[in-house]
1. Given the condition more than 23 Å from residue 139 (Cβ to Cβ) and out of contact with any Gly (no Cβ under 6 Å at 6 or more places or on another chain), answer yes or no: does some residue in region 11-26 qualify?
2. Name the residues in region 18-50 that are of a type in the set (A, V, I, L, M, F, W, C) and either closer than 21 Å to residue 125 by Cα or over 22 Å from the mean Cα position of the chain (by Cα) (or both), would you?
3. Residue 291: in contact with a strand residue (DSSP E or B) (Cβ under 8 Å, 6 or more places away or on another chain), closer than 30 Å to residue 346 by Cβ, hydrophobic (A, V, I, L, M, F, W, C) and in a loop (DSSP other than H, G, I, E, B), yes or no?
4. Before we move on, is residue 9 modelled with pLDDT of 95 or more, open to solvent by less than 90 Å² (accessible area, probe 1.4 Å) and more than 18 Å from the chain's Cα centre (by Cα)?
5. Can you pull out every residue in region 235-265 that is touching a helix residue (DSSP H, G or I) at 6+ places or on another chain (Cβ under 8 Å), within 12 Å of residue 221 (Cβ to Cβ) and open to solvent by less than 50 Å² (accessible area, probe 1.4 Å)?
6. What's the total number of residues in region 311-365 that are free of Cβ contacts under 8 Å to residues at least 24 places away in the same chain and part of a strand (DSSP E or B)?
7. Just name the residue that is surrounded by the most Cβ atoms within 10 Å (Cβ to Cβ) out of those in region 30-58 that are hydrophobic (A, V, I, L, M, F, W, C) and within 27 Å of residue 182 (Cβ to Cβ).
8. I'd like to check something: does region 308-315 contain any residue that is of a type outside the set (Gly, Ala, Ser), open to solvent by less than 30 Å² (accessible area, probe 1.4 Å) and modelled with pLDDT under 95?
Amino acid sequence: MHEQYMRLALQLAARAAGRTSPNPLVGAVIVKDNQIVGQGYHKKAGTPHAEIHALREAGEKARGAVLYVTLEPCSHFGRTPPCSEAVINAGISEVFVAMEDPNPLVAGRGIKQMVNAGVRVHVGLLEQEARRANEVFIKYITTGKPFILLKTAMTVDGRIATRTGHSKWVTAEPAREMVHRLRNRYDAILVGVNTVLADNPALTCRLAGGGRDPVRIILDSRARIPADSRVLTQDSDAPTFVAVTDKASIAGIKSLASVGAKLVRTAADGQGRVDLHDLITKLGEMEITGLLVEGGAEVAASFLEARLVDKVLTFIAPKIVGGKEAPGPIGGAGADTMDRAVRLESVNSGCIGEDFFIEGYPAYR
């Protein structure tokens, strides 16, 4: 029964996916006499937290009730007052917390406050599920840098395009819709300048029921993006950032500025490209908590070689392209022996429509 209520809290939290950054996803359920008397979830940064919504719905029924919450109630004044005090003042007698808050400003203080006030507190119910639900927040709040998901799509013989460069579409509509759900959830999406030059993508979220466009980030060390590219000219509430180095031409920078692109100046790596470590640090300072890297092959290789990828999601289409000149999803030099390959851990796989997917977490050596 306890797990049932906590799973409901996790489901509630997921409703706000992509809307709470830089805050975590949190859901709360209040139960009294085996009846749900209040529930809620954190909807947006700066608005009431999940516990407050649940307590307001429960009213006086919260006294002597049990609270199930997916993350430790906060104990500090941030954009909103501390939730631990609200839980105590409402007369909640018992609290099940899925996981301790990794935020250094909380980190067990909320739990301690409740315990000191006589509330029975249990920590760790469905903790693994809660951590996965908030993996983006956990990475960001503990390192100050965004969680990075590398997404690729290929045919069953490992091709992302034909030998002529034709790539629309590798996967079927259900898989492409899943990608748009990811764009709706992650703060930002990143591609390299070559992808913009070759495909002229929009990099927007196109869900049938509506969605939120991610911030668009283009790696373009020399500022080569044409001013009429879709990533720069489309109607979108999300801005486009172009990461450049000191190799960028004055004319290119002026051209980008003329269409409203925002520049992120970074150091250059050993090959004169955008230094990814420097860029990721800057993105963290901009409160970008989650970054979706979509390509192309050289960009994917660069992120893996820099050990910046936190999670990999690969779609595999039941198609065979063939041709030794047809490109694969990961470029670069690659591993020289199989034991140097990047292994994925905690692997999950399945089908979406006619396509397959594999996701996992890189275990760097």
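The values are calculated or read from the model by the stated rules, or taken from the named source; none is laboratory data. These figures come from a predicted structure and were not determined experimentally. No Cβ is skipped: glycine too gets one built from the backbone with ideal geometry, and neighbour counts run over all protein chains shown. Side chains included, ligands, DNA and RNA excluded: accessible areas come from the protein's heavy atoms. Shrake-Rupley method; radii C 1.70, N 1.55, O 1.52, S 1.80 Å.
1. Checked against the condition, which is being more than 23 Å from residue 139 (Cβ to Cβ) and out of contact with any Gly (no Cβ under 6 Å at 6 or more places or on another chain), region 11-26 yields no hits at all.
2. Narrowing region 18-50 to residues of a type in the set (A, V, I, L, M, F, W, C): 25-26, 28-31, 36-37, 45, 50.
Hits for region 18-50 are 25, 26, 28, 29, 30, 31, 36, 37, 50.
3. On the way: in contact with a strand residue (DSSP E or B) (Cβ under 8 Å, 6 or more places away or on another chain): yes; closer than 30 Å to residue 346 by Cβ: yes; hydrophobic (A, V, I, L, M, F, W, C): yes; in a loop (DSSP other than H, G, I, E, B): no.
Judged against the criteria, residue 291 is not a match.
4. Working: modelled with pLDDT of 95 or more: yes; open to solvent by less than 90 Å² (accessible area, probe 1.4 Å): yes; more than 18 Å from the chain's Cα centre (by Cα): yes.
When the stated conditions are applied, residue 9 passes them.
5. Of the residues in region 235-265, the ones touching a helix residue (DSSP H, G or I) at 6+ places or on another chain (Cβ under 8 Å) are 240, 242-244, 256, 259-261, 263-264.
Right, trim to within 12 Å of residue 221 (Cβ to Cβ) and you get 242-244, 263-264.
242, 243, 244, 264, listed by residue number.
6. 9
7. Kept after step one, since they are hydrophobic (A, V, I, L, M, F, W, C), are these residues of region 30-58: 30-31, 36-37, 45, 50, 52, 54-55, 58.
Filter once more, keeping what is within 27 Å of residue 182 (Cβ to Cβ): 45, 50.
Working: 45: 16, 50: 29.
Going through the qualifying residues, I end up with 50.
8. Within region 308-315, not a single residue is of a type outside the set (Gly, Ala, Ser), open to solvent by less than 30 Å² (accessible area, probe 1.4 Å) and modelled with pLDDT under 95.
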